[in-house]
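The values are calculated or read from the model by the stated rules, or taken from the named source; none is laboratory data. Quick caveat: nothing in here was measured; it's all calculated off a predicted structure. Positions of Cβ are generated from backbone atoms using ideal geometry, with glycine treated the same way; all protein chains shown enter the neighbour counts.
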Amino acid sequence: MTYTFNEAVSAKALADLREAVGWNRMVNEYVNPLLTSYYHIAVYETDLLIGYVDCVSNGVTDAYIQDLMIHPYYQRKGIGTNLMLKMIEYLKEKHIYMISVVFDEDLKSFYKKFGFYTMLCGQMETYCSK
């Protein structure tokens, strides 16, 4: 496995990984030049993108970790944990004050082991992308 840090990842590879984990592809969003990332980490097995995590941030006070994805064939091998540890370490090195993540209830124990605690929040999807 090869980890890359903040290097370009193809929209097709991201869309394929999203589809593999059961999410919408969002390929049009990934090719939109307005889409930016503060920091992201990708994991490859040969040329196949098998893991990814992204972070958006204002670079000072807040960061939001999003899109942690591990290809189903590679799940439960510690890749997701490793990606989270690397992302949190990077954000702490940058002295980001608050790190947030949104997750489903069934993933609560996964995120709790990194120190995340549950807070009341709201989320709204404004459209459905294929």
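Given the residues THR81, THR4, which is the only one that is of a type in the set (Ser, Thr, Tyr), farther than 18 Å from PHE110 by Cα and under 14 Å from the mean Cα position of the chain (by Cα)? The unique qualifying residue is THR4. Pairing each residue of region 52-66 that is surrounded by fewer than 15 Cβ atoms within 10 Å (Cβ to Cβ) with any residue that is of a type in the set (Ser, Thr, Tyr) and outside any loop (DSSP other than H, G, I, E, B), provided the two are 6+ apart or on different chains, yields C-beta distances under 8 Å for ASP62/SER100. Determine whether ASP106 is surrounded by 13 or more Cβ atoms within 10 Å (Cβ to Cβ), free of Cβ contacts under 8 Å to residues at least 24 places away in the same chain and not β-branched (Val, Ile, Thr). The answer is no for ASP106.
Only residues that are surrounded by 14 or more Cβ atoms within 10 Å (Cβ to Cβ) and at pLDDT below 95 were counted in region 31-51, giving 0.
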